[in-house]
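Asker: Take this structure, written in structure tokens, and hold onto it; I'll ask about it next.
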Amino acid sequence: MRAGMLSPLLRTTRPPIALGIAAGVSCVAAETGLSYLIKQVAPVTSLGMIYLLGVLLTATLWGLGLAVVTALVSVAVYHYVFLWPVNDSIELVVLPTFLVVALLASSMAGLARSSAAEVRERRMEADLAAEQARSLLRAPDLRSALPANSRRLAQALDLPSASIECGVASPDEHHTVFPLREGATTLGTLVVPSGLPQGTLRRLRRRIVPSLEALLGAACERETIGNALQATHDELRRVAERQAALRRVATLVARGTSSQALFQAVAGEMSRIVRAEFIAVTRFEIDGSMALVGIWNGGDLDPALRLGSRWPIGEGSVADLVRRTGRPGRVALDERAAGGFSEWARAQNLACGVGCPIAVEGRLWGATIAMSATPQPGDAEARMRDFTELVATAIANAESVAELAASRARVVAATDDTRRRIERDLHDGTQQHLVSLGLELRRAALSVPPGSDDLRKRLDRAVESIADVVENLREISRGLHPAILSMGGLEPAVKTLARRSGVPVELSMRGVRRLSERVEVAIYFIVSEALTNVTKHSRASVVDVDLHMRGTGVELRISDDGIGGSDPGHGSGLIGLKDRVEALGGRLEIVSPRGGGTTLLADIPLNGRA
């Protein structure tokens, strides 16, 4: 038989007794009619088996009592219709048989009902466990999922109420508790009303509680793993953010960004890592104060602390702590932190200050300071230290560059002074002596007596040699420091170089005016060295010299149509000129592809020195 046909027989609750009586009477009537129809073809004694069907039905659905009644009625009807008055002895066999069948059918029906109830309860418990497992294991927070699971448990078990609680709960006169344990650890407690039937309590203790213990254990383990994974994810995200911020700052340091822009960038990047309301990059001054060279304000604070302002270092402040110890530290921004901008911080409801020293080549340069309304985490100093090290590197690089530029400028200035002094000594000393010597020899030649033609010729040759030496000294003097540059300026000096060039020069000068001596000397020697190289090496037919002065600097372009392939690193005099230009804050570039000529580009800023 199909399950749909068996289900009415296996139901756990019995139908109404009135329906059972009606069913019994109907069965007896139907069985009697059926027996009467077939009594012509079947033995009378076998017709009693038909009445067993009604007994079996009533025993199965309504139990032993109604089955016995149905058996007695069936025996009476069977006896009255088919046996009486022929054979009364058959009742002695039929009646016990009917009673035994009724008892067996009732027992089997009860067993079937018990089995069906057990199966239904097991199925329900399995469905409940699966539903609770989905709810508990998917919930982001175990506590938030317990109320809904408690209501579902009470509904499934037909309880007045039920509560699954975390931790340990104590029983009272109104509630019974079932501890939910995993080993020696109590995961939670199942709380149900007092006075439940023993069968329900036994079911809870034997089947529901173990299932809940397994589910809570798995949910707690899943929550622990999830929290660990979330903590790891958060830490990795913070590390990635910190590394990205450090990379951005390091890029600015590598690019040689201005100190002001770098300090502002450091303050902004540090705010993302430290999570503070105010960040300051400070420089300690000689007079005991500190200057704000970089700040970041969260936007809701009073902008009294402006960039570039100077503040006293109050006693007990975070800046005072860093300056005294030279190490990172933190202070509470209470009344003990006096002076400086600690009072400003208290007025802005900032409660915690963390500082980290900026040490440049062994000396304390300043500090980075973070202020927040809530205490900073324990690793705030370590996070800030990475940024302060980059700041220290940038400051050291900037100071090194400044010192290098100043040193290079001093070398160039000393070289120019030496050239000028040598040129002056040659012009005023050696050259004048040679001219005087030539005049003496000329007078001596004129005073030679007749007949001494050979002596006169020797003296004339000596005078000519001295004149050649004087001219050579004059050329050397021009190379050391051209006098025309000092007297007439850059325009006539460059025109003179163009006229003396061995290769035709097409000269273009726009907006030329008098500049500082260092700039004019640099431009003069660049043009001179370039024209000399073109004459000696380029095999060019023409040279273009374009000198253009704009508001903030000088642009010089010298190009030829020669063979190219020039390498300034192999003995070229342009290396020294490049140092001279860079000492002035400019740049010098050479583009010389083979067969494509040579182009020299110079850009020199004036910086108000013209």
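The values are calculated or read from the model by the stated rules, or taken from the named source; none is laboratory data. Keep in mind the model is a prediction, meaning the values are calculated, not measured. So basically every Cβ, Gly included, is an ideal-geometry build from the backbone, and we count neighbours across all protein chains shown.
Asker: For region 299-306, state whether one or more residues are of a type in the set (Gly, Ala, Ser) and either part of a helix (DSSP H, G or I) or under 23 Å from Thr393 (Cα atoms) (or both).
Answerer: No, there is no match, as no residue in region 299-306 is of a type in the set (Gly, Ala, Ser) and either part of a helix (DSSP H, G or I) or under 23 Å from Thr393 (Cα atoms) (or both).
Residue-wise test of (1) of a type in the set (A, V, I, L, M); (2) modelled with pLDDT under 80.
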residue	(1), (2)
Thr176	no, no
Arg206	no, no
Gly226	no, no
Ala231	yes, no
Glu235	no, yes
Arg255	no, yes
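Table: residues versus (1) out of contact with any Gly (no Cβ under 9 Å at 6 or more places or on another chain); (2) within 24 Å of Ser115 (Cα to Cα); (3) at pLDDT 75 or above.
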{"position": "Met5", "(1), (2), (3)": "yes, yes, no"}
{"position": "Pro8", "(1), (2), (3)": "yes, yes, no"}
{"position": "Ala18", "(1), (2), (3)": "yes, no, yes"}
{"position": "Thr58", "(1), (2), (3)": "no, yes, yes"}
{"position": "Leu61", "(1), (2), (3)": "no, yes, yes"}
{"position": "Val73", "(1), (2), (3)": "no, no, yes"}
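Asker: Read through the list (1) farther than 19 Å from Val503 by Cβ; (2) surrounded by fewer than 18 Cβ atoms within 10 Å (Cβ to Cβ); (3) modelled with pLDDT under 85, then give the number of the only condition that Gly586 fails.
Answerer: (2)
Asker: Right, another one. If you check Leu507 against the conditions, is it modelled with pLDDT of 70 or more, crowded, with 16+ Cβ neighbours inside 10 Å and not hydroxyl-bearing (Ser, Thr, Tyr)?
Answerer: So Leu507 fits the description; yes.
Asker: Among the residues that make up region 243-254, is at least one of them hydrophobic (A, V, I, L, M, F, W, C), within 30 Å of Ile164 (Cα to Cα) and part of a helix (DSSP H, G or I)?
Answerer: Within region 243-254, not a single residue is hydrophobic (A, V, I, L, M, F, W, C), within 30 Å of Ile164 (Cα to Cα) and part of a helix (DSSP H, G or I).
Asker: Within region 201-256, take every residue that is under 30 Å from Arg120 (Cα atoms) and among the charged types (D, E, K, R) and give me the one that is surrounded by the most Cβ atoms within 10 Å (Cβ to Cβ).
Answerer: Glu213
Asker: Considering (1) under 31 Å from the mean Cα position of the chain (by Cα); (2) surrounded by 15 or more Cβ atoms within 10 Å (Cβ to Cβ); (3) modelled with pLDDT under 80; (4) not in a helix (DSSP H, G or I), say which one Ile273 fails and leave the rest.
Answerer: Going through (1) under 31 Å from the mean Cα position of the chain (by Cα); (2) surrounded by 15 or more Cβ atoms within 10 Å (Cβ to Cβ); (3) modelled with pLDDT under 80; (4) not in a helix (DSSP H, G or I) one by one, Ile273 breaks only (4).
Asker: Let me ask something else about it. Looking at region 156-173, can you tell me whether even one residue there is under 16 Å from Glu223 (Cβ atoms) and either assigned to a loop (DSSP other than H, G, I, E, B) or modelled with pLDDT under 80 (or both)?
Answerer: yes
Asker: Quick test for you: out of Thr415, Thr388, pick the one residue that is modelled with pLDDT of 75 or more and among the hydroxyl-bearing types (Ser, Thr, Tyr).
Answerer: Unique residue meeting the criteria: Thr388.
Asker: Residue by residue through region 244-287, note down the ones that are small (Gly, Ala, Ser), assigned by TED's automatic domain parsing to the domain that holds Asn349 and under 21 Å from Met371 (Cβ atoms).
Answerer: Scanning region 244-287 gives Ala265, Ala267, Gly268, Ser271, Ala276, Ala280.
Asker: Scan region 53-66 residue by residue and report those that are surrounded by fewer than 23 Cβ atoms within 10 Å (Cβ to Cβ) and either part of a helix (DSSP H, G or I) or hydrophobic (A, V, I, L, M, F, W, C) (or both).
Answerer: Leu53, Leu56, Leu57, Thr60, Leu61, Leu64, Gly65, Leu66, listed by residue number.
Asker: So Arg181 ticks every box in (1) in a helix (DSSP H, G or I); (2) closer than 30 Å to Glu118 by Cβ but one. Which box is left unticked?
Answerer: Evaluating Arg181 over (1) in a helix (DSSP H, G or I); (2) closer than 30 Å to Glu118 by Cβ leaves (1) as the failure.
Asker: Give region 21-52 a look and list any residue that's surrounded by fewer than 14 Cβ atoms within 10 Å (Cβ to Cβ) and either within 60 Å of the chain's Cα centre (by Cα) or under 16 Å from Thr97 (Cα atoms) (or both), or say none.
Answerer: Within region 21-52, Thr45, Ser46 qualify.
Asker: Sticking with this structure for a sec: Test Ser211 against the criterion of being in contact with an Asp or Glu (Cβ under 9 Å, 6 or more places away or on another chain) and farther than 30 Å from Asn349 by Cβ, and give yes or no.
Answerer: Here the answer is yes, as Ser211 does meet what is asked.
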